[in-house]
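In what follows, a single structure is set out as structure tokens and then discussed.
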Amino acid sequence: MKGILLVNLGSPDSPEPKDVKKYLGEFLMDERVIDVPLWARNLLVKGIILNTRPKASAAAYKKIWWEEGSPLIVISERLQRKIQKQVKVPVALAMRYGSMTIKKGMQELVDKGVNEILIFPLYPQFAMATTETILVLAEEIQKEHFPQIKLDSVKAFYNKPDYIEVLSNSIEKHLDGKNYDHLLFSYHGVPERHIKKRDITKSHCKIDGSCCATPSKAHEFCYRHQCLEVTRLVAEHLQLKENNYSSSFQSRLGFDPWLQPYTDRTIERLGKEGIKNMAIVTPAFVSDCLETLEEIAMEGQEIFYEVGGNQFTTIPCLNDDQEFVDLLSNWINSWIN
């Protein structure tokens, strides 16, 4: 029997510093998140970050924490339950980091008689620190604990026409009746070296003004190309005017070069250039979380208002929107059949 394992990023068990520290430790010690030698990662994460960041991160989590729990977890659970109603095979939910482990999710499916699991990373674009780390860990767990089951996985779906349509419809719905001068597509950032490391041609990805727009096999694993392609396809679908939208990258960490332009600086620049009514969408995330609810909806709004902006509209992630549920259910039913 087949089964589905939806996998999202994860969350601390609570917004308390001790739980945030535990979560950050697991997350940041992942070699595909901070891809430096182990000694350097230990020094950076255990020696510096975990001694300075948990308190501030906990304060940020407390701002967005829901009565039911972590927004990302609650929304992911709602999505899982809705999909389960529309497919005939068991659907489980796991997180790459935190207590809702991939191993627990796989065990839940195996206990229901599943012998073939579709790993479904809930990320439209491929990246080392998202899709890749999920699939690598799932394969390791399968080999060690569930050798009897077969694994399959969903590839990045950033450019699938039906996904672009659902995303475009969501943006259009949330902007209906609202005036905006500029629509900013903000994607989670990654270090530039991640892009070059996953260049299967070893020569295409120069992170310049042309490589992402020039056809190449490298695009299958190029996060930057896939983000910019989402923007291009949605803009085309919604017939956006060229000067009325742009892309940026948020959530940088450390001092190494990350993908640019940076979201916070872009918001500030647009406000200073006279943009008064701004809308922002975050298509690297399918579920609202700390990065969308606090970093964008709170911090981003504060930056915009400080430089003279009037209206700052944040467009929710797809979350458990029925069109998104239908889309994922259709893809799953196609795999089943």
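So which residues in the stretch 236-253 are surrounded by 15 or more Cβ atoms within 10 Å (Cβ to Cβ) and part of a helix (DSSP H, G or I), if there are any at all?
HIS237, LEU238
So which residues in the stretch 34-57 are in contact with a Pro (Cβ under 6 Å, 6 or more places away or on another chain) and either charged (D, E, K, R) or modelled with pLDDT under 95 (or both), if there are any at all?
The answer is LYS55, and nothing else.
Can you name the residue in the stretch 61-76 that is of a type outside the set (A, V, I, L, M, F, W, C) and either under 16 Å from the mean Cα position of the chain (by Cα) or modelled with pLDDT under 95 (or both) and is also nearest to ALA297 (Cα to Cα) among such residues?
Of everything passing the filter in the stretch 61-76, PRO71 is nearest to ALA297 (Cα to Cα).
Suppose we keep only residues that are surrounded by 20 or more Cβ atoms within 10 Å (Cβ to Cβ) and of a type in the set (Phe, Trp, Tyr) within the stretch 270-310. Which one would you say is farthest from GLY177 (Cα to Cα)?
PHE285
Has the stretch 125-133 got any residue that is touching a Ser or Thr at 6+ places or on another chain (Cβ under 9 Å) and within 13 Å of VAL7 (Cβ to Cβ)?
Scanning the stretch 125-133, I find at least one residue that is touching a Ser or Thr at 6+ places or on another chain (Cβ under 9 Å) and within 13 Å of VAL7 (Cβ to Cβ), so the answer is yes.
Inside the stretch 239-270, can you point out the residues that are hydrophobic (A, V, I, L, M, F, W, C) and closer than 14 Å to LEU184 by Cβ?
Result: LEU240, PHE249, ILE267, LEU270.
What's the total number of residues in the stretch 198-214 that are among the basic types (Lys, Arg), loosely packed, with under 14 Cβ neighbours inside 10 Å and either under 22 Å from the mean Cα position of the chain (by Cα) or part of a helix (DSSP H, G or I) (or both)?
0
Hey, among the residues in the stretch 254-312 that are among the aromatic types (Phe, Trp, Tyr) and in a loop (DSSP other than H, G, I, E, B), which one's nearest to the chain's Cα centre (by Cα)?
Among residues in the stretch 254-312 that are among the aromatic types (Phe, Trp, Tyr) and in a loop (DSSP other than H, G, I, E, B), the one nearest to the chain's Cα centre (by Cα) is PHE285.
What do you reckon, is LYS62 surrounded by fewer than 22 Cβ atoms within 10 Å (Cβ to Cβ) and farther than 30 Å from PHE324 by Cα?
Spelling it out, it is not the case that LYS62 is surrounded by fewer than 22 Cβ atoms within 10 Å (Cβ to Cβ) and farther than 30 Å from PHE324 by Cα.
Does LEU233 satisfy being closer than 23 Å to GLU295 by Cα and either part of a helix (DSSP H, G or I) or within 22 Å of the chain's Cα centre (by Cα) (or both)?
The answer is no for LEU233.
Output the residues belonging to the stretch 6-33 that are under 20 Å from ILE102 (Cβ atoms) and part of a loop (DSSP other than H, G, I, E, B).
SER11, PRO12, ASP13, MET29, ASP30, GLU31, ARG32, VAL33
For the stretch 215-230, give me the residue count where each residue is loosely packed, with under 14 Cβ neighbours inside 10 Å and in a helix (DSSP H, G or I).
Result for the stretch 215-230: 2.
The values are calculated or read from the model by the stated rules, or taken from the named source; none is laboratory data. Please read all numbers here as calculations on a predicted model, not as lab measurements. A quick note on method: Cβ atoms are made from the backbone with ideal geometry, for glycine too, and the neighbour counts reach across all protein chains shown.
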